[in-house]
Amino acid sequence: MREEEEEQKRELYAVLQVSPDASDEEIRKAYRHWAQVYHPDKYQDLHMKEIATENFQRICQAYEVLSDENKRVIYDIYGMEGLTSGLELGPKLNRVEELKAELEKLRQRKELQRMAAQFQSTGRIIAHVSWPELRDGYGVMRGMAMTSQVTSQLSKRTTVAMGGSLEVSDNAGGASASAVVRHQVSPASYLEVVATTGLRAVIAVQATRQLSAHSTATVTIAKTLKDGSYNLSNTWTRQLSETTHGNIQLLLGPESSVAVGWRKKDENMSAAGELKIGTSSFAASAHYSHNFSSKSHGRIGGRFASNALEIEVGGGRKVSKFSMVRMMYVVGIQGIFWRFELHRGGQKLIVPILLSAHLNPLFAAGAFVVPTSLYFLLKKFVLKPYYIRKERQKALGDKEETAAQVQEARKSAEKAQQLLTPVANRKRSRQLESNGLIVTKAVYGSLKALKKGNESYGVNNESASAVIDVTIPLNFLVNDSGTLKLHEGVKKSGIMGFCDPCPGEPKQLHVEYTYGGHQFEAVVDDYAELSIPQEAHRVLQA
């Protein structure tokens, strides 16, 4: 995605064949050079005039943007989207830094407006299932709990969240509702007012402040309406490293406690732990999760408390952009469980299945080994073949979808080369007379196809569709001093007479040329600089 954005921000530089650091004079000179070739008034033939008009419009658009200081800065930061999506400027600013700062403010303002117009919804459903009760004829459900919350941005600094919960267990049940108003008092602090009613009626006020770049403090005062008791809590959070945070919480009230915890998360793993000691209880928990790939992860965790002891092992897999499934195996003093989870956006469905209320070692081992073995068999013989087939179908669909676009781009490149041919041939003849630089063969396209083609550079029936011959454009770009330069950081498909024959694939440019009676060969990547002739490119004769 980042590469595509960079391509869009550099295409106009490729059209004029100038460096992203080119001066205003270099841009004007390049524009005049290309305008002489593609100006429609130079051609009498209607077909050639039509081709010239089409390419001249590209050149004029590139010059219009890159010759205007303000437009060029917008284009360098946001690409063409920044020029067409309403990022207009007010009074002309004097410095590039001021312009960039103003653009960033406008972008942030638009983003805040977009967020303010949307509601963020989160929810969770937990369905407790019991295999022993089902086996004994008492039904499958042990209980159910549901929670839901909707958050809305009322203004730039104020957010409101409203939610509710419902819980049913055996013959008992209850419900509650909550409302939270959060207001940002300053860039470093915010205030929250929380009110809940139902199972536990509480009114609370919470203040959070950023003490430093790495430290945050939170103070909460809560009153329980049922018994009139008060709770005061203080939480300090400290960033221990780039990926690790630690926190200490002190709770004063009817059930006072002290808790110490830490959390570490990076691209490949996450881990967390907490130790909590209260007036009449204690608890310790920890978990570790490792990402095996961008789609799957494994997890192991445990909890030890005065009234609980359990260990969980399992993993999850991402099944779509917004969905993930997870299966956990849990063994504890409350029994042996399988827990299935489905995460979709901000919604969660959790189904804990009680397999046995007794800790039988043989049953516990079987409950872990059997489903694990079935999963790996299912993954190898069903899921993996399915995903491979699905990816192939998607790749085929993408290829068919872009085939028409590639065909159209090829036609445009061929038309552009028609107008370059006369000048390219004259330059070639002059270089031939002076024994100078002559490009004898140049192809641009798929890295895979070019490697497969070996000496023919892939121009064969199998891979011809993945490359394009660019010998004519490169001969045209040879200057009067007998040198040629393609600038670094500019995607070559934007050069006049080029096109992208294989979108999404890595590409290279292969060039064969002669200079001073000797043969040379150069190979460069898509965004790399090409400067010829160079002695390092010389082909040694056998």
When residues of the stretch 139-175 are limited to those that are outside any strand (DSSP E or B) and either modelled with pLDDT of 90 or more or among the charged types (D, E, K, R) (or both), the one most open to solvent (accessible area, probe 1.4 Å): K156
Output the number of the condition that K265 fails; it satisfies all remaining conditions of (1) surrounded by 14 or more Cβ atoms within 10 Å (Cβ to Cβ); (2) under 35 Å from the mean Cα position of the chain (by Cα). (1)
Listed by first then second residue, the pairs whose first member lies in the stretch 202-229 and is free of Cβ contacts under 8 Å to residues at least 24 places away in the same chain and within 15 Å of Q184 (Cα to Cα), whose partner is open to solvent by less than 60 Å² (accessible area, probe 1.4 Å) and of a type in the set (D, E), with beta carbons under 9 Å and at least 6 positions apart or on separate chains, are V205/E192; Q206/E192; A207/E192; T208/E192
Given the residues S323, S293, S356, which is the only one that is of a type in the set (S, T, Y), over 29 Å from G278 (Cα atoms), exposed (fewer than 14 other Cβ atoms within 10 Å of the Cβ) and at pLDDT 90 or above? S323
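What number of residues in the stretch 344-364 are outside any strand (DSSP E or B) and closer than 17 Å to R317 by Cβ?
So the answer is 1.
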I want to confirm something. Restricting to the stretch 526-542 and keeping residues that are in contact with a strand residue (DSSP E or B) (Cβ under 6 Å, 6 or more places away or on another chain) and either of a type in the set (S, T, N, Q) or touching a residue at least 40 places away in the same chain (Cβ under 8 Å) (or both), which single residue is farthest from R10 (Cα to Cα)? P533
Of the residues in the stretch 364-385, how many are open to solvent by 50 Å² or more (accessible area, probe 1.4 Å) and in contact (Cβ under 8 Å) with a residue 40 or more places away in the chain? 2
Can you pull out the residues in the stretch 386-408 that are touching a Pro at 6+ places or on another chain (Cβ under 9 Å) and either within 15 Å of P473 (Cα to Cα) or open to solvent by 70 Å² or more (accessible area, probe 1.4 Å) (or both)? Q405
Among the listed residues Q44, Q8, Q17, identify the single one that is open to solvent by less than 100 Å² (accessible area, probe 1.4 Å) and either touching a Leu at 6+ places or on another chain (Cβ under 9 Å) or modelled with pLDDT under 90 (or both). Q17
In the stretch 462-486, anything crowded, with 18+ Cβ neighbours inside 10 Å, in a loop (DSSP other than H, G, I, E, B) and at pLDDT below 90 is listed as S463
How about the stretch 491-542: which of its residues are within 22 Å of N479 (Cβ to Cβ), open to solvent by less than 60 Å² (accessible area, probe 1.4 Å) and of a type in the set (A, V, I, L, M, F, W, C)? I495, M496, F498, L509, V511, F520, A522, V524, A528, L530, I532
Filter result for G298 (within 23 Å of I336 (Cα to Cα), within 31 Å of the chain's Cα centre (by Cα) and surrounded by fewer than 15 Cβ atoms within 10 Å (Cβ to Cβ)): yes
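The values are calculated or read from the model by the stated rules, or taken from the named source; none is laboratory data. Owing to the predicted nature of the structure, the values given are computational and were not obtained by experimental measurement. Ideal geometry is used to build each Cβ from the backbone, glycine not excepted, and the neighbour counts take in all protein chains shown. Ligands, DNA and RNA are stripped out before the accessible areas are found, and what is left, the full protein with its side chains, is counted by its heavy atoms. Shrake-Rupley method; radii C 1.70, N 1.55, O 1.52, S 1.80 Å.
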